[in-house]
Structures are given as C-alpha cells and as structure tokens.
1. Show me the ranking of peptides 87-98, 477-488, 131-142 by mean Cβ neighbours inside 10 Å, starting with the highest.
2. What is the Rg over Rh value, at two decimals, for region 287-383, using alpha-carbon atoms and the Kirkwood definition of Rh?
3. By how many degrees, between 0 and 90 and to the nearest 10, does the Cα long axis of helix 271-280 differ from the longest principal axis of the chain?
4. Which of the residue pairs 61/420; 323/370; 349/418; 248/471; 209/349 have a Cα-Cα distance greater than 25 Å in the structure shown?
5. Considering the values (1) 34, 27, 22; (2) 37, 24, 23; (3) 87, 27, 21, which represents semi-axes √(5λ) of the Cα gyration tensor in Å as calculated for the structure under consideration?
6. Show me 348-354, 507-513, 170-176, 255-261 ranked by packing, highest mean number of other Cβ atoms within 10 Å first.
7. With only alpha-carbon pairs counted, each pair once and no self-pairs, how large is the Kirkwood hydrodynamic radius of region 63-184 in angstroms?
8. Sort 70-76, 118-124 for me by packing, meaning the mean count of neighbouring Cβ atoms within 10 Å per residue, highest on top.
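The values are calculated or read from the model by the stated rules, or taken from the named source; none is laboratory data. Quantities reported herein were computed from a predicted structural model and do not represent experimental measurements. Because the Cβ atoms are built from the backbone with ideal geometry, glycine has one as well, and the counts that use them run over all protein chains shown. With ligands, DNA and RNA removed, areas are computed over all heavy atoms of the protein, side chains included. Shrake-Rupley method; radii C 1.70, N 1.55, O 1.52, S 1.80 Å.
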Amino acid sequence: MADNHYDVIIIGTGAGGGTLAYRLAPSGKRILLLERGGYVPREKQNWDSRAVEVENRYHIKEPWYDRDGKEFHAGTHYFVGGNTKFYGAALIRLRRQDFGQVAHHGGVSPAWPIAYDDLEPYYTEAEHLYQVHGLRGSDPTEPPASAPYLHPPLSHEPRIQQLVDDLTRIGHRPFHMPVGVMLDEQNPRQSRCIRCDTCDGFPCLVYAKADAQVICVDPALTHPNVTLLTDAYVSRLETSASGREVTKVHVERSGARETYSAGVVVVSCGAINSAALLLRSASDPHPRGLANGSDVVGRHYMCHLNSMLLAVSRDPNPTRFQKTWGLNDFYFPSKEWDYPMGHISMIGKTDANTLRAGAPRIAPGWTLEKMAEHTLSFWLTSEDLPHPDNRVTVDRDGRITLSYTPNNEEGHRRLVAKLKGMLKEIRCHDHLIPLNAYIPARIPLAGVAHQNGTVRFGRDPKASALDVHCKAHEVDNLYVVDGSFFPSSCAVNPALTIMANALRVGDHVRERLG
C-alpha cells in the first residue's frame, strides 16, 4: 500500500480539480490525479460540427434518468480537462451583489458564507492564469478588480461591431466579454489561436483555448511529484470506523480494481458526479451518503435558465468568432422591474449542420445554408433558485437520476422579450428562432454545462455539507472543489468562480500540508 499512498488525491481534472493540481504541484507533495476519461483525441473531427454537435461524438455514453425514470443522455464529457475542453471560455466574475442575499420574482437567492472581497485576489489570479482577454470598466455591473486583464479584449468582427454600435445607439451598454483564448491579434502569424468558428462547444485542435488540461494539468505533470491516471473511475470512498476520515479511494481501471489512500482527498467530478460519488459512498457512519448528515448532498441542483435563440440578420453575418460581447443591463433590478432578469451574450457561430439538427422552421425561399449565413446566435442566462427537490440521486447500481423543475421563470421570460424588442433596431428580422425546436428554445435537462449547487458550502453544518474552505463538515480530510459548492447559481458562467475558488482552497490545503 505504501506505493499507493499519496499526500493528496484529486478526483477529476476540470476547472476545479485541474486548477487545484496546478496550485499544489510546486509544493513537492505527492499528488495523484484520477481522471475517469482519457485525453480528447486530436483528430479532424474536433472541428467538425456534424461530429461534435449532431453526432455528439464526445458526449458521455452512459444513460442518466429524469424524475420519471425516463432515460436521457447528458451533454457532458469525461476527459482530462473536464468540461473546459468544450466550454466557450467566457470567464466572467460573479457580481459583488451575488455574494449577498438577492430577492427574485420567484423567491430569494441565498447569501454566500464568504464575501466577494475574499475571492477577489483569486479571481485576478485565475484571469491571469487562464489568459483572459477583457477590458476593465466596459461592463457597468462589474465588481472592483485589483489588477487589469493581462490581455486586450477580443476585437469585434464587422457584423458584431455593427450590432454593438446599434445596441449602444439605443441606450444599452454592451461590454467586451472576458474570454480565455490564446489569441494575439497584433501578431496573427505567431498567434496560437487562429480565431476559428469551431471554438464554443468544440475541443481546440491547436490547444489555443485556455482549458484546464492545457493551462493547468499538463504544466502540473511536469513536476515529478504529480501523477495522472486516466480511465480511472472512482466507485466509492471508504472511511475509518469513526467516519471522520477517508482512508481508501476505490478505483476501477482497465477492468481491475485498485485502492489508493491520501492525507487529503479532493472530489471534483462536476456537481452531478461529485454528489453521486458521495451518495454511493454511504456507510454505517454515513448512512445517507458520505458527509451528508445535513441531507443536502445531491440537493439544490442548479444549472441556470438558459435559452439559445437565433435572430436572422438582414445583412449577412460572416463572423467567425462572435462571442466577444455581453450585456448585463438587466442583471439587477431596474426602473421597469423590481427583480433581476439576467445576462445576454452570444454563442459560437451556428452552421447548417447545427441548424439541420435543431430543425428550425425555415422562412419560405431560404435554405439552411443561406439561413446560417444570416444568423446571430444569442445566449440568455437567468438565475434559477436552489430548491431541495431539484436533486441528484443514485440507485443501488449507482445509476444517476437527475430530478429538476425550473423555477424563477418570469425573469427569463422578460429577458427573452427584451431581446425580441431589440431585433428591428439591431437590423434583424422581427422574430427569434428557437434552436432545437425546444419551446421556447430553452436548454433541456440534458444541458448540464452550468451544473452547480449539489454539495453546498456554509457555516451551519445542519444546512450545508462543506465549510468555508470547502472541507466536509463531517470528514476531516475531504474537500470538494467544483461547482458543487455554490449556494446560489447567479446568472453568469460559473467557470471562473470554480477556478478562483480552487486557487483559494489550494492555498488552504498547502498550509494544512505544511
């Protein structure tokens, strides 16, 4: 067993686990990374919209189940780097107000047990680490920052510049979206990023997206004290008789069963799988699931209210990379409505293959190809509220059930209406096309990209599973560092907050290890 004992085991290599590994690697401590998948294969299909978006080439294959027992296939990924391999790399901070209690039309979003100022230095560090391009001061809702971005904002291509100008002309305040890509617009010949139209939702074939594998895991592995095992599925965690420490990590790898141990065990499998692992690890000292005396593990699942809407531009839209702006004018209560609505931005360019899969209604005289040349693809996010019945459960065989009923929907409806009301002014035909024929274009249960909330942190062990350092209240050497720890979902992409928190927890763990 001595060879199988480490100072730290990190389960999962995404935004949380990968970033934590990077933070701990220089410590010299013996670190084992366990990743359920392998590396994303580098192949032409990385940039093929049919393979990626229609055939779901890289999605997980295992079925999950909804609250009625109906099987579905989640849009998530098991690879080194986790879901960051496929994210759109929008790396945006929560607003300062998000850390306090926020009144919504559908209820109250709870306060966090830490303040924005506690996380701010780590936000800055995460932005620099993940090579975020942005511009301080362009977003009127942004919280204060202790340093500028290291990289200039991405330029808008002509049709997007026109859109931004039109929004500004009618009184809105679009800002430069903070994006983590390795683009050098001053030296395009040397630039790692080629500004392609297959970034958001695709793995980067040239390793120019700032994902957790490229930025954190691979550099961590240059340290001789860090080991990565791929295709290593952690079936359960076993504790001492007292239940106060994890003593064994049970792994299934290449058909064999293996056991590892560590002074500190960190779970970072994504909010759904981290909750599932803790629930699978029930034992006599932890009958409801590991670290689950509070009965919150798996509960309060959130994923945002997200809609993907296409507007048909009167002018062609030959833009390759359109995710360069965002709009937070409706993020807070306003004169017209007493509650938050959410955030508007764009997603990657929609091509004919994607349209074909979504089967939108085509205007007479148009082809899918012609429509794709004219689409502007909008992404709308509103906050969903934590509810104990929105939850992850596992059965005896470890199968995952995800029970979720959307809530706080009025703000999202109003946000969609706001976008519809702008269409003529931004030179678009006056109707929005729901992609994927989901009415009204809402991302369905399988869309788990923004998963969070299932192992919440807090100061009260009766109402939370983790303390402020993301250590389990009931287990002295167990930490969770993915989106699970969120007590509320807020309404911007969670990735940067997960990364910043991993750096924060990393400092705490380093201190603990001495």
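1. Highest to lowest by the protection proxy: 477-488, 87-98, 131-142.
2. 1.17
3. Approximately 30 degrees, to the nearest 10.
4. Exceeds cut-off: 61/420.
5. Given (1) 34, 27, 22; (2) 37, 24, 23; (3) 87, 27, 21, the structure-derived one carries the label (2).
6. Taking the mean over residues of other Cβ atoms within 10 Å, the ranking is 348-354, 170-176, 507-513, 255-261.
7. Evaluated over region 63-184, this radius sits at 17.5 Å.
8. By packing density, highest mean first, the sequence is 118-124, 70-76.
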